[in-house]
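Nothing in this text is a laboratory measurement; each read-out follows from the coordinates by a stated rule. Source: prediction; values computed, not measured. No Cβ is skipped: glycine too gets one built from the backbone with ideal geometry, and neighbour counts run over all protein chains shown.
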Amino acid sequence: MPHRPDRPTATAPRDPDAVRHAAATVLDPADADAVAALAAHSAGTLATVLTHASVRRFTADPVPDDVLAALEAALVRGPTSSALHSYTHVVVRDAERRRRLATLAGDQRWIAEAPLLVVGCADLRRARTIAHAQGYRYTAHDLRMLVSATADLTIGLQNASLVAQSLGYGTVLLGGVLNGALEIASELGLPERIVPLVGLSVGRPADDRWPAPRPRLPLPLLVHHEQWSLTADEEQALLAAHDAETRAQGTYEGRRIPWAAMGRGGTDPVAVGDYGVLEHVGRKQGRATWAPQGAKVDVDLPALGLKVHGTGDVDPT
Ligand SMILES: Cc1cc2nc3c(=O)[nH]c(=O)nc-3n(C[C@H](O)[C@H](O)[C@H](O)COP(=O)(O)O)c2cc1C
């Protein structure tokens with residue numbers, strides 16, 4: 001059923017007092033006032049969600065304190081699995097530290113360029129410490145906890161990203177952080193069992209125009225109703241049609257994964273006009289360079305104190 005503005009339904013309160021009250025549940029009074037004042041200028045949620053596009057070129061203009069306060073509120077104001085808050089975010093403004101982190105997260109230039117970085121970390125330490133202090137053994141399952149923690153921290157980062165975008169800032173999420181988890185944990189001085197997973201760069205877009213929305217796979221591939229509703233042939237046909245579109249539009253021009261990365265030798269057999277979404281996804285999944293990164297996460301998680309198989313404490317107390 002379409003949205004009916006004339007029908008009374010419960011909506012999130014938008015009056016200044018209610019907004020200030022919500023901000024004040026996580027911010028000190030001065031920051032809550034500043035954030036409530038900013039809320040009056042932010043664009044509507046739907047427009048912000050729909051116009052999302054990652055930004056990877058930033059000006060050096062610092063992110064003002066009131067905007068940072070709004071982002072911090074957004075990082076923690078979302079839902080949290082079992083009310084456990086199994087995340088910790090680290091805000092990095094220092095340029096030298098951002099430069100080092102840019103290298104550790106896979107040489108991503110925009111991490112150094114954007115004036116603000118948030119490193120979203122899965123925190124499997126805090127709840128276990130509390131359990132121990134309460135006199136209980138930790139019998140939870142770290143892999144299961146890691147999944148919930150990943151959802152928690154990603155919700156926070158995405159909320160912060162939407163708030164930033166609604167205020168005219170550009171953002172890009174950074175899954176490359178996980179590839180340097182061990183080294184990034186050391187750079188950030190993190191205690192054991194806190195794992196850097198996903199980052200968010202924030203800053204003013206360097207380009208005059210907001211990036212156009214980038215293509216998505218066709219909706220029937222991504223959203224089903226009630227049950228899985230595609231035959232293999234229908235799925236293939238939708239993928240093929242989308243592939244043809246991306247080839248015709250040159251979607252992957254300049255973003256091609258080089259043949260050398262595939263570890264096959266010889267020259268690239270795929271012509272420029274034949275490189276579409278299918279070739280790109282295939283190469284992303286099949287490139288030889290994934291292997292060491294896969295192995296690294298296998299090493300990094302236990303090195304950071306996580307028990308990736310089975311339940312309970314790594315070192316039972
Ligand atoms: C979990 C996650 C991790 C991502 N990691 C990176 C990253 O490390 N570097 C990067 O430049 N973009 C990263 N992105 C952004 C995606 O590349 C981007 O969302 C995608 O290409 C679609 O483009 P759009 O966001 O402009 O629509 C990530 C996005 C998500 C959701």
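Figures for the structure shown
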{"read-out": "Two-site label geometry, residue 256 and residue 51: point separation in nm, points 7 Å out along Cα→Cβ", "value": "3.5 nm"}
{"read-out": "Distance between modelled label sites at residue 107 and residue 308, nm, 7 Å Cα→Cβ extension", "value": "2.5 nm"}
{"read-out": "Charge dipole of the chain about the Cα centre (unit charges at C-beta), most positive-ward option of 146, 295, 32", "value": "295"}
{"read-out": "Value of [θ]222 nm, deg cm²/dmol, for the chain, DSSP H segments ≥ 4, -39500 (n - 2.57) each, nearest 500", "value": "-13500 deg cm²/dmol"}
{"read-out": "Kirkwood hydrodynamic radius of region 219-286, from inverse mean 1/r over distinct Cα pairs, in Å", "value": "13.5 Å"}
{"read-out": "Stokes-Einstein D (µm²/s) once Rh is taken as the Kirkwood radius of the chain over alpha-carbon pairs, at 25 °C in 0.890 mPa s", "value": "110 µm²/s"}
{"read-out": "Dipole in debye (nearest 20) - the chain, about Cα centre, beta carbon charges: Lys, Arg +1; Asp, Glu -1", "value": "320 debye"}
{"read-out": "Farthest positive-ward along the chain dipole, Cα basis, beta-carbon charges - from 267, 59, 106", "value": "267"}
{"read-out": "Additional length obtainable on full extension of the chain from residue 270 to residue 83, 0.36 nm per residue less Cα span", "value": "62.4 nm"}
{"read-out": "Sorted peptide list for 128-136, 165-173, 47-55, 112-120, criterion being average Cβ within 10 angstrom, highest first", "value": "112-120, 165-173, 47-55, 128-136"}
{"read-out": "Cα-derived Rg over Rh, computed across region 171-317 with Rh taken as Kirkwood radius", "value": "1.05"}
{"read-out": "Simple label model, 7 Å out from Cα along Cβ direction - residue 233 to residue 285, nm", "value": "2.2 nm"}
{"read-out": "Highest average packing first - 30-36, 68-74, Cβ atoms within 10 Å", "value": "68-74, 30-36"}
{"read-out": "Selection from 224, 248, 197 lying farthest towards where the dipole of region 147-253 points positive, charges on Cβ", "value": "197"}
{"read-out": "Using a Förster distance of 30 Å, the FRET efficiency for residue 240-residue 209 (Cβ separation, nearest 0.05)", "value": "0.40"}
{"read-out": "Relative contact order, percent, the chain [alpha-carbon distance under 8 Å, six or more residues apart]", "value": "21 percent"}
